[in-house]
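Only one structure is covered here, and it is reproduced in the block below.
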Amino acid sequence: MADPALEVLIDALRCLPGVGQKSAQRMAFHLLQHDRVGAMKLSQALAASIDEIGHCERCHTFSRAPVCDVCQDESRDQSLLCVVESPADQAAFERTGSYHGLYFVLLGRLSPLDGIGVHDIGLTALLQRAVDGLVAEVILATNFNAEGEATAHVIGEALRQRGMKVTRLARGVPVGSELEYVDLGTIAHAFMDRR
């Protein structure tokens, strides 16, 4: 039987996505046996992040300040608002360097089976932000799974009813791929969304 403190650590590590009992146990043993300094740095970084990082009042991404750096950046195109599901999705867009507008982070997606509805993803706040008089186009960049598509549909309809221009992130064949190895759904969408 393991020490109760070790069991608490293993159980805490299991809260991470994709980490099961064995992976959590391996991580705990590694940190305690081989990298106590790393474990301390991890502990301090987690504690500081929980204390210091909240959500931006405008876009809901992670931020230490009430309004994040992206929302404060006056050089960004104020007429474009890209709607993403998570701060990780926003970070992916930022790494491309190809988008210079603003964001709205839903912090989730519609999932009726899990009890997640329009109020849980901040639809009211998104609609208020989109019709603020500055935004000319809302780009829906939710994931291309069932929940992401449903989320994009509901948001798109609500925005169109308010007279907003709404576009959806395009789907297509990945760069460098060979058509014979691309799944049929991707090929079909790429063909329909051709330009």
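Of the two radii for region 69-137, the radius of gyration is 1.00 times the Kirkwood radius, both from the alpha carbons; that is the Rg over Rh value. Subtracting the Cα-Cα distance of F29 and S98 from their residue separation scaled by 0.36 nm leaves 20.6 nm.
Solvent exposure of region 80-195, expressed per residue, is 58 Å² of accessible area, with all protein chains present and a 1.4 angstrom probe.
Taking Cα atoms only, the orientation of helix 21-34 departs from the longest principal axis of the chain by about 60 degrees. Where does the Debye-calculated log10 I(q)/I(0) of the chain sit at q = 0.08, 0.12, 0.14 Å⁻¹, using only Cα point scatterers of equal weight, no solvent? With one equal scatterer per Cα and no solvent, log10 I(q)/I(0) is -0.39, -0.80, -0.97. Computed on region 117-161, the Cα convex hull volume stands at 68 Å³ per residue. Between G176, G101, G38, where does the largest GNM mean-square fluctuation fall for the chain, given springs only between Cα atoms within less than 10 Å? Result: G176 has the largest fluctuation of those listed. Phi angles across region 123-135 convert, under the Karplus curve 6.51 cos²θ - 1.76 cosθ + 1.60 with θ = phi - 60°, into 3J(HN,Hα) values of 4, 4, 5, 5, 4, 4, 5, 5, 9, 6, x, 9, 6 Hz, Gly and Pro given as x. With the chain treated as a Gaussian network of Cα nodes joined by springs under 10 Å, which of A146, A136, A48 yields the largest mean-square fluctuation? Per the Cα network of the chain with a 10 Å cutoff, A48 tops the list. Between region 124-165 and region 39-87, the C-alpha centres lie 21 angstrom from each other.
Each residue of region 188-194 was assigned a 3J(HN,Hα) from its phi angle through the Karplus curve 6.51 cos²θ - 1.76 cosθ + 1.60 (θ = phi - 60°); the sequence is 4, 5, 5, 5, 5, 9, 5 Hz, with glycine and proline shown as x.
Here the chain is treated with +1 on each Lys and Arg Cβ and -1 on each Asp and Glu Cβ, and its dipole about the Cα centre works out to around 200 debye. The C-alpha atoms of the chain define a longest principal axis, and helix 36-52 lies at about 40 degrees to it. Per-residue ellipticity at 222 nm computed for the chain from its helices equals -13500 deg cm²/dmol, with DSSP H segments shorter than 4 residues left out and the rest contributing -39,500 (n - 2.57). When R14, R26 are compared by accessible area of protein heavy atoms, the largest-first order is R26, R14, using a 1.4 Å probe. Taking T96, T142, T61 as the candidate residues, the one with maximal mean-square fluctuation in a Gaussian network model of the chain, Cα springs under 10 Å, is T96. Rounded to the nearest 10 degrees, the angle from helix 146-161 to the longest Cα principal axis of the chain is 40 degrees.
A150 sits among other residues whose Cβ lies under 14 Å from its own Cβ, and their net charge, with Lys and Arg +1 and Asp and Glu -1, is -4. Restricting the GluC sites (Glu not before Pro) of region 136-193 to loop positions (DSSP other than H, G, I, E, B) with no more than 13 neighbouring Cβ atoms within 10 Å leaves E178.
Put simply, the C-alpha atoms of region 1-79 give a gyration tensor, and the ellipsoid matching it has half-axes of 37, 13, 11 Å, longest first.
The values are calculated or read from the model by the stated rules, or taken from the named source; none is laboratory data. As the structure is a prediction and not an experimental result, all values here were calculated from the model. Here the Cβ is made from the backbone with ideal geometry for all residues, glycine too, and neighbour counts use every protein chain on show. Quick note on the areas: whole protein, heavy atoms, side chains included, nothing else; ligands and nucleic acids left out. Shrake-Rupley method; radii C 1.70, N 1.55, O 1.52, S 1.80 Å.
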